[in-house]
Amino acid sequence: MAKYTLEEIMYGDKYGIESAVFVEIYKMVERKVDAKTIREQLNMIYVKHALLTAKKMIEEGDSISDIPELESLSLSKEEE
């Protein structure tokens with residue numbers, strides 16, 4: 001179980017939300033999706049990758065170190 005800062009989650013090698021968003025936007029540009037559509041979908045793409053990252057963090061038992069409000073919460077699966 002590792003602790004990551006928001007900056008590491010956003011830009012780091014392991015989770016890299018920003019890189020994943022960039023790759024998805026790049027693929028849209030390659031498919032010649034117009035700029036207006038890309039701008040309209042950008043926030044949703046960020047949300048999608050943030051949720052995928054949260055799922056991956058839960059699966060790997062990692063946590064976020066710089067959100068004091070969530071310190072008592074655990075990003076782990078509930079026991080069934």
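Observations
- Solution diffusion estimate, µm²/s, Stokes-Einstein, the stretch 3-65, Kirkwood Rh from C-alpha pairs, 20 °C, viscosity 1.002 mPa s: 172 µm²/s
- Thr37 paired with Ile67, simple spin-label distance in nm, labels 7 Å along Cα-to-beta-carbon: 3.2 nm
Rule-based calculations on the coordinates, nothing more; no lab input. Owing to the predicted nature of the structure, the values given are computational and were not obtained by experimental measurement. Counting neighbours? That spans all protein chains shown, and the Cβs are built from the backbone with ideal geometry, glycine included.
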